[in-house]
Amino acid sequence: MSAAAIVEERLAALGTRFTEAFAAAPNEQALRAEHAKLLGKKGELTAVLALMRDVPAEARPRIGALVNTFKEEVERAFEGRLAALGKEKLQAELAGRPHDISLPGRLSFGRGHPHPVLAVKDELLAIFGDLGFRSVPGPEIELEENNFTKLAFPPDHPATDMQDSFWFGPGVLLRTHTSNVQVREMSRAASEAAATGAPLRLAVVSAGAVYRRDDDVTHSPMFHQIEGFLVDEHVSLAELRGVLSAFAERLYGPGTPVRFRPSYFPFVEPGAEVDVGCVFCSVAAGTRAACRVCKGTGWLEIAGCGMVHPDVFRHTGIDPDRYTGFAFGMGIERIAMLRYGIPNIRLLFENDPRFLAQF
Ligand code: DAH
C-alpha cells in the first residue's frame, strides 16, 4: 500500500471520534488531555503527520490538503469546546453563592497612639487650658532679638555662645527655649492695647521644640518645652505660686507639695527653680534615702519661673510701672521621663516600636 493510501486510511480511521470526545470532556483539563491524544508528541494525528515525508511529490498537494483540513477541524472543535467550557464556568460562578464581602480581612495593622512626648505635651496644655491659659504657637527659627536680647540676656551671656546655640548666621538661630514667645506675645499685646486703648491682659502657654548643643543621657539637641506667662495689673508671686501648685496637684495628685528655690534667669526678677515633692518615694515608708529618682532629697526639679523683669516689659512696649507678670518654663521630656521612669532621653527619639508600644 502506498504511503498516500496509508495516510488516507488512517485519517478515515480517526474519523470524527474527536468531536464526541471533546464534547464529553467535563472540564478544561480533560479537554486538553483529549487534544494531546491527537496532537501531542505521541498523538495519533502527529503520527499520521510524520508519514507525510514518505508521500511522493505528485500526491503531496492532495494528501497535504486533506491532512490540513483534518487538523483545522480538530483545532476548531477544540477551541469551540474550550470557549464553551469557559462560559459554563463563568455561568456557574455567577449563579453560585456570592462572595461574602463581610468576612474580616486577614491582614491586621496595629493601632497607633500618640508619642509619649506629645501625649504629655497635650496633657500639660490641657491643665493650663483649664487654668485659663490660651495656647499659642511659636517659631522654631528665631531672631536673636526675640530669643535673647529682648529677654534681657547680656550680650556676653554664656547661653548666647557659639557652643550653646545653633546659629544660621548673624542674628538668626534655632530657638534655645520657648521664652521667645513671651517677647512675641507681649509685643503684640502692647501694640494692640496702644491701638485700642484697652487694658493689657495676657495668660498664655506655648509648647514646642527647642534646640541646644547638648547631648547626653538627659539632654538631647532637640527637645520640647512649655512656657507660660501671665501679665496684668497687680500680678504677684502669690499668683505664680498658686498656679504652679494647682498645676502640680493636677499632674501628680492632690496634696503634691511645691517649693521655690531662688535662682537666676535674666528675664525674671526674682527668679526661682520649681521643685515638686518626689512622687517615687515617701518619708513615711522610710524609703526616701534610697530613692534614685530624687537622689534622697525628696524633691524633683521640674521648672524655672519668676516675675517678669521690668526690662522685658520695656523691650516689648509694656509699662512696667503699671503692669506686672509672672513666667515659667519646663521641659516636656523631663516630665515624661519622670512619669514613665525612662532613664535615657534618646529612647524618646529613636522611635523603636518595641519601646513606643509600652505607652
Ligand atoms: N527659658 C528657661 C530655660 O530654657 C526656662 C525658664 C525659666 C522659663 C524661668 C521661664 C522662667 O519663663 O521664668 O532654661
- Query: So which of Lys37, Lys89 is open to solvent by 40 Å² or more (accessible area, probe 1.4 Å) and touching an Asp or Glu at 6+ places or on another chain (Cβ under 7 Å)?
  - Reply: Lys37
- Message: Would you confirm, using the coordinates I've provided, whether Val231 is touching a Phe, Trp or Tyr at 6+ places or on another chain (Cβ under 9 Å) and under 15 Å from Met330 (Cβ atoms)?
- Response: no
- Task: Out of the residues in the range 4-39 that are in a loop (DSSP other than H, G, I, E, B) and at pLDDT 90 or above, state the one that is nearest to Thr69 (Cα to Cα).
- Result: Ala25
- Query: Among the residues of the range 33-62, how many are closer than 26 Å to Gly80 by Cα and over 60 Å from the mean Cα position of the chain (by Cα)?
  - Reply: 12
- Using beta carbons and a limit of 6 Å, which pairs, at least six apart or on different chains, have the first residue in the range 257-271 and assigned by TED's automatic domain parsing to the domain that holds Leu151 and the second one among the aromatic types (Phe, Trp, Tyr) and within 12 Å of the ligand (Cβ to nearest atom)? Pro266/Phe153; Gly271/Tyr264; Gly271/Phe265
- Task: Sort out which residues of the range 4-32 are surrounded by fewer than 13 Cβ atoms within 10 Å (Cβ to Cβ) and within 60 Å of the chain's Cα centre (by Cα), and write them in order of number.
- Result: Pro26, Asn27, Gln29
- Task: Might you check whether a residue that is open to solvent by 10 Å² or more (accessible area, probe 1.4 Å), of a type in the set (S, T, N, Q) and within 16 Å of the ligand (Cβ to nearest atom) occurs anywhere in the range 262-276?
- Result: yes
- Task: Answer with yes or no whether Val258 is within 14 Å of the ligand (Cβ to nearest atom) and surrounded by 20 or more Cβ atoms within 10 Å (Cβ to Cβ).
- Result: no
- Query: How many residues are open to solvent by less than 10 Å² (accessible area, probe 1.4 Å) and out of contact with any Gly (no Cβ under 8 Å at 6 or more places or on another chain) if we restrict to the range 301-312?
  - Reply: 1
- Item | Ala198, sole failed condition from (1) hydrophobic (A, V, I, L, M, F, W, C); (2) within 26 Å of Asn147 (Cβ to Cβ); (3) open to solvent by 40 Å² or more (accessible area, probe 1.4 Å) | (2)
- Message: Pairs please, first residue from the range 116-143 and of a type in the set (S, T, N, Q), second anywhere and at pLDDT 95 or above and not in a loop (DSSP other than H, G, I, E, B), Cβ atoms under 9 Å, 6+ apart in sequence or on different chains.
- Response: Ser135/Leu125; Ser135/Phe128; Ser135/Gly129; Ser135/Val204; Ser135/Val205; Ser135/Ser206; Ser135/Ala207
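Listed here are the residues, each with its yes/no results for (1) open to solvent by 40 Å² or more (accessible area, probe 1.4 Å); (2) assigned to a helix (DSSP H, G or I); (3) in the same structural domain as Phe229 (by TED's automatic domain parsing).
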{"site": "Phe78", "(1), (2), (3)": "no, yes, no"}
{"site": "Asp100", "(1), (2), (3)": "yes, no, no"}
{"site": "Ser108", "(1), (2), (3)": "yes, no, no"}
{"site": "Phe128", "(1), (2), (3)": "no, yes, yes"}
- Message: If I filter the range 320-334 down to residues being touching a helix residue (DSSP H, G or I) at 6+ places or on another chain (Cβ under 7 Å) and more than 15 Å from the ligand (Cβ to nearest atom), which single residue comes out as most open to solvent (accessible area, probe 1.4 Å)?
- Response: Pro320
- Query: Of the residues that sit in the range 165-178 and are more than 11 Å from the ligand (Cβ to nearest atom) and not small (Gly, Ala, Ser), which one is surrounded by the fewest Cβ atoms within 10 Å (Cβ to Cβ)?
  - Reply: Pro170
- Here are Val181, Val210, Val205: which of them is under 20 Å from Met307 (Cβ atoms), assigned to a strand (DSSP E or B) and open to solvent by less than 10 Å² (accessible area, probe 1.4 Å)? Val205
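The values are calculated or read from the model by the stated rules, or taken from the named source; none is laboratory data. No experiment lies behind these values; they were computed from the predicted model shown. Every residue, glycine as well, gets a Cβ built from its backbone with ideal geometry; the counts of neighbours run over all protein chains shown. Each accessible area value is taken on the protein alone, full model and side chains, heavy atoms only, with ligands, DNA and RNA left out. Shrake-Rupley method; radii C 1.70, N 1.55, O 1.52, S 1.80 Å.
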